[in-house]
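Below is one structure, written out as structure tokens; comments come after it.
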Amino acid sequence: AVVSTQSGHYGRGIKQLLPRIKDVTIPVIDEDASEQGSDLGSDDSLDHFDFGEVLEKLPRLQELSLTYGVASCGMNFEWSLFEFTEKDCRLLSAAIGRATQIRVIRLERCQLDDDKARRLISSFLDHPNLEVLDLAHNRLGDKTGRAIGKLLSVNKTISEVNLCDNRIRAEGASAIAFSLRKNNSLRSLNLKLNRIGEEGGRALCSALAASKSLLSLDVSSNGLGEHTAHALAEVFTKNQVLETVAIACNRLGVNGGRVIQEGLEENKAVTSIDLRLTEISQQCEHSIMNVIRRNKEQLVS
């Protein structure tokens, strides 16, 4: 596991923490058999490091960033080296559950799936100090979306959730949206590069219309369209808290851009919006940028 930790004003980086890789004598075999064996990989799982032993020695640790993988394995390559195993998940869940001083948890690019993510998230439900949860670039779907929804409904300290580049669809987005109606602590939600679609987009917008806490939302590259644009325009007319919106790389279209412009003209809070590659007209984009400039100037004055 590649590790980065933050404790107070001090930082520590550990390049690689793994059990010793066994020495292997590679027999001479024909090339076809070698390629076939490489494709199949190994059925044996390899558990990684028990971070409980480390975390109990760091009572002032506030940030934990882990990536389960291998920095350099050379000729000792095995597919299992890159796997976040069930035992890894149990050990890490228990370790973080005991490390109640941690405020930031980042588990990017760990090949986390729904079952393991749900086990981890269950250990965060009553965590007294958790503020940031980053699970970007994994393999998380709607089951994790529902687990995040439960976390946001129960935990009163979390302020930032990053689920960028996963596989969350409308069902997971709707579960998160439902929790936003109850949550008063979340400030930033990143769902970029997921698959929430129009249904998930409308569900989020419906929740945001009444939200009093969320300041930043990123739903770029999610298969959103004109229906979501109409729902977002309504958010802008009702929500005077949201400051930053990223909705790039979605097919909002000319009509979608027009309704967003109309909604923003009644809004004084949004100071940043990303509408790149959304197929809105240049004239509409120019008008929207003028509104954003006006809001920024009013904020300064």
Between LEU125 and GLN298, what's the calculated FRET efficiency when r is the beta-carbon distance and R0 is 51 Å? Round to 0.05.
0.80
Could you tell me the relative contact order of the range 145-210? Use alpha-carbon pairs under 8 Å, at least six residues apart, and round to a whole percent.
42
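Counting only other residues whose beta carbon sits under 10 Å from that of SER216, what net charge do I get with K and R as +1, D and E as -1?
Value of the local net charge: -2.
Once fully extended, how much extra length lies between SER185 and GLU266, figured as 0.36 nm per residue of separation less the alpha-carbon to alpha-carbon distance?
Difference between extended and current length: 26.6 nm.
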Mind listing the phi-derived Karplus ³J(HN,Hα) values for the range 293-301, rounded to whole Hz, using 6.51, -1.76 and 1.60 with θ = phi - 60°, and x for any glycine or proline?
4, 4, 5, 5, 5, 5, 5, 5, 6
For the range 251-260, Karplus-derived ³J(HN,Hα) couplings (6.51, -1.76, 1.60; θ = phi - 60°; whole Hz; x for glycine and proline) come out as 8, 6, x, 5, 5, x, x, 5, 5, 5
What is the list of residues in the range 182-211 whose amide nitrogen lies under 18 Å from a point 7 angstrom out from the Cα of LYS238, following Cα to Cβ?
182-184, 199-211
Please go through the range 202-247 and write out the trypsin sites (Lys or Arg not before Pro) that DSSP classes as loop and that have at most 14 other C-beta atoms within 10 Å.
LYS212
Among the listed pairs LYS116/LYS150; LYS156/LYS268; LYS150/LYS182; LYS150/LYS192; LYS87/LYS116; LYS156/LYS212, which are separated by more than 18 Å between their Cα atoms?
LYS156/LYS268; LYS150/LYS192
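If I stretch the segment between VAL254 and SER216 completely, what's the gain in nm (0.36 nm per residue apart, minus their alpha carbon distance), one decimal?
Details: separation 38, 0.36 × 38 = 13.68 nm, distance 2.43 nm.
Full extension of this stretch gives 11.3 nm more.
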Part-to-part distance (alpha-carbon centres) for the range 143-217 and the range 287-301, which is given in Å
27
Spelling out what I want: for every residue of the range 110-120, take phi, set θ = phi - 60°, compute 6.51 cos²θ - 1.76 cosθ + 1.60 (Karplus), and round to whole Hz; glycine and proline get x.
10, 6, 5, 9, 4, 4, 6, 4, 5, 5, 4
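No value in this document is a laboratory result; all are computed from the given coordinates. Keep in mind that what you see is a predicted model, and the values were worked out from it rather than measured. Reconstructed Cβ throughout: ideal geometry from the backbone, glycine too, with neighbour counts over all protein chains shown.
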